[in-house]
Amino acid sequence: LLAHCLKGARRYDDAIQTCEWSIFWDPFDTYAYRELGICYYDKGDKAKARTAFDQCVAWDPTDSYGFTWLGYTLDALQLNDDAARAFASAAKLKPDSFEAHYHEGLSWFHARKFDDAAKSLGQAVRLRREDFDANYFLGLTLVRLRRFSEAIPRFEAARKAKPYDHRPEAMLVSSYLSTRQIAKAASIYPTVFATAGFVLTAIYLVGLGLLL
């Protein structure tokens, strides 16, 4: 508890020392290992954070939070496959954890394991149907899998969640065009499509004139 308070006050060195003392007196104190890992993580020492979280889940393989923090750390170290597996362990222990499913999917996405990413992000969306990030990244994943029709509802949900963010709009246009829904694509950027249509028409007429 003291380490947690010191960590909250950003007194990381004092918090680390307190955790180490707790571990010295009780080498199986998984809470102390987890708090030690969080201190190192926040301090920026991801390697030591990983060591602490590895020990935490080794002593207590039922600690979903320990696996979640291990996943964050491995992800920060760009060990995407390992991070995904850590988040998968957290999700298995806590099936209703949006964070575990979402970050598992994101790690698989960064590892370019798009089938696995689609499953995990799909579960995250089921848990939070209106979440922007989950919908957007699930949409991106489905695009990578060339499942454009399934991606469209995800980008539509992301666009609804954050109307001011233009990324879902751009991906919607791409997905609509990929499924030959030209009118829907044009409805998103009517001015752009009107201008493009005018330019293409002009090019066609000039080309036709040259041929004649």
Item to complete: Can you tell me the order of 133-139, 39-45 when each peptide is scored by its average per-residue count of other Cβ atoms within 10 angstrom, highest first?
Response: 133-139, 39-45
Worksheet entry | Pairwise label distance in nanometres, GLN17 with GLU169, each label 7 Å out on the Cα-Cβ vector | 5.5
Item to complete: Rounded to the nearest 0.05, what FRET efficiency do ARG147 and LEU177 give with R0 = 22 Å and r taken as the Cβ-Cβ distance? Could you check?
Response: 0.90
Item to complete: Tell me the GluC sites (Glu not before Pro) within region 84-178 that lie in a loop according to DSSP and have at most 11 other beta-carbon atoms within 10 Å.
Response: GLU130
Worksheet entry | Nitroxide proxy distance, nm - points 7 Å out along Cα→Cβ at LYS160 and PHE28 | 5.1
Discussion item. What do you get for trypsin sites (Lys or Arg not before Pro) in region 69-144 restricted to DSSP loop and a cutoff of at most 11 other Cβ within 10 Å of the site's Cβ?
Written reply: ARG112, ARG129
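A short reminder: the numbers here are calculations on the coordinates, not readings from a lab. Note that the coordinates shown come from a computational prediction; the quantities given were computed from them, not determined experimentally. Cβ coordinates were reconstructed from backbone atoms using ideal geometry, including for glycine residues, and neighbour counts include every protein chain displayed.
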